[in-house]
1. Name the single residue, out of those in the stretch 56-76 being out of contact with any helix residue (DSSP H, G or I) (no Cβ under 7 Å at 6 or more places or on another chain) and aromatic (Phe, Trp, Tyr), that is nearest to GLN253 (Cα to Cα).
2. Can you find, within the stretch 110-127, the residue that is surrounded by the most Cβ atoms within 10 Å (Cβ to Cβ) among those that are within 24 Å of LEU281 (Cα to Cα), aliphatic (A, V, I, L, M) and in contact (Cβ under 8 Å) with a residue 24 or more places away in the chain?
3. Which of the residues that make up the stretch 40-55 are within 21 Å of LYS252 (Cβ to Cβ) and either touching a residue at least 24 places away in the same chain (Cβ under 8 Å) or surrounded by fewer than 11 Cβ atoms within 10 Å (Cβ to Cβ) (or both)?
4. Determine if the stretch 170-177 includes at least one residue that is touching a Pro at 6+ places or on another chain (Cβ under 6 Å), buried (at least 18 other Cβ atoms within 10 Å of the Cβ), of a type outside the set (A, V, I, L, M) and touching a residue at least 12 places away in the same chain (Cβ under 8 Å).
5. Looking at (1) surrounded by 22 or more Cβ atoms within 10 Å (Cβ to Cβ); (2) aliphatic (A, V, I, L, M); (3) closer than 29 Å to SER251 by Cα, which one does VAL133 not meet, given that it meets all the others?
6. One residue is enough: does the stretch 90-105 have a residue meeting the conditions polar (S, T, N, Q) and closer than 17 Å to VAL174 by Cβ?
7. Suppose we keep only residues that are of a type in the set (Val, Ile, Thr) and closer than 17 Å to GLY135 by Cβ within the stretch 75-109. Which one would you say is surrounded by the fewest Cβ atoms within 10 Å (Cβ to Cβ)?
Amino acid sequence: MKQTNLLLLLALVIGLGFHGSALFFTLESTYDALIHLFFADHYATKWWEPWEYRWYTGFTVMGYPPLAHQMMALFSFLGGLKFGLYSVALAGIVLFITGAYRFGLLLTGNRRIAGYTALLAVGSSTFIETLHVFGQLPSIIGLSVLLHALPEIYEWIRTGRAVKLLMALSLIAVTVTSHHVTPIFGMVFFIFPLIGMAIMDDAREGVENAKQITFKVFLSSFRKLFWRIVSFGMGSLALIIVCILPYWINSKQNPITQVPIPHGSRDNFLEVTSSGLVFFLIPWGILLFLLPYIYYRFYSKRYLFFGISFS
């Protein structure tokens, strides 16, 4: 077995051992986990009923993408609702670690570095906070599946293999049915820069070295790959609309009004330092110290579009 596979296996063992054991002490005390469990209970008892009458004098469950809740409901038939909750959480851990590995491999092409990326993902302060403090399981599932979609998107744009387009669109569909906001931010911070990197890689093949990639060369590669990009974009848009169509209909019929809600993420972090700690310092973690290097690397030609989105 290659060293990189051992690194990924080690990351999965450590991740499941650390996060899996910690879940039993943290998950049910998080901000959101039991709310998601409540939605799961609705699907487990009244799968085809769009209205939930037990809370807020009744509301529609169409106001939230259903996949994570429905997964919990399905697992609940095997071992109860708590079993469903923890099963989805453990699946999120595995998907996140393997997704980080595939994303690292996509960016670097080096399996050893990708293995270390998976190990770093285990100790990600953002992931730890999202899982063990906030309990945002749909967000974790959505982001993790998006990470798995990125290599498929890249391969489709570079090779034009239809099976890669099918896999990419399938994973995008899973992402949007897990969490509706993840594809929006994912497009800006991951997919658009990834498309730019794919075009840059295609342009690199036509010149002797990266320094010879000019705007004219880049534009030529963009024209070559244009219809692959458009086909993926249109397919993704159609899936985003169709897969959670009830959510869009509900949003139109019951628009979200801008009512001020006290929340630490909206505080002035310089004035309310506790909010700055929870919503800025902890999520960024050690990356704050690596920002100069990240900017340096991301503004090289291949990663230029990631640098722009990162900025």
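1. This residue is PHE59.
2. ALA118
3. PRO50 - this is the single residue of the stretch 40-55 that is within 21 Å of LYS252 (Cβ to Cβ) and either touching a residue at least 24 places away in the same chain (Cβ under 8 Å) or surrounded by fewer than 11 Cβ atoms within 10 Å (Cβ to Cβ) (or both).
4. Yes, there is a match, as at least one residue in the stretch 170-177 is touching a Pro at 6+ places or on another chain (Cβ under 6 Å), buried (at least 18 other Cβ atoms within 10 Å of the Cβ), of a type outside the set (A, V, I, L, M) and touching a residue at least 12 places away in the same chain (Cβ under 8 Å).
5. Looking at each condition in turn, VAL133 falls short on (1).
6. yes
7. ILE93
Conditions tested, residue by residue: (1) modelled with pLDDT of 80 or more; (2) over 30 Å from VAL61 (Cβ atoms); (3) surrounded by 12 or more Cβ atoms within 10 Å (Cβ to Cβ).
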residue: SER251; (1), (2), (3): no, no, yes
residue: VAL259; (1), (2), (3): no, no, no
residue: LEU277; (1), (2), (3): yes, yes, yes
residue: LEU304; (1), (2), (3): yes, yes, yes
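The values are calculated or read from the model by the stated rules, or taken from the named source; none is laboratory data. Every value quoted in this text rests on a predicted model; they were computed, and no experiment measured them. Neighbour counts run over all protein chains shown; Cβ positions are idealised from the backbone, glycine included.
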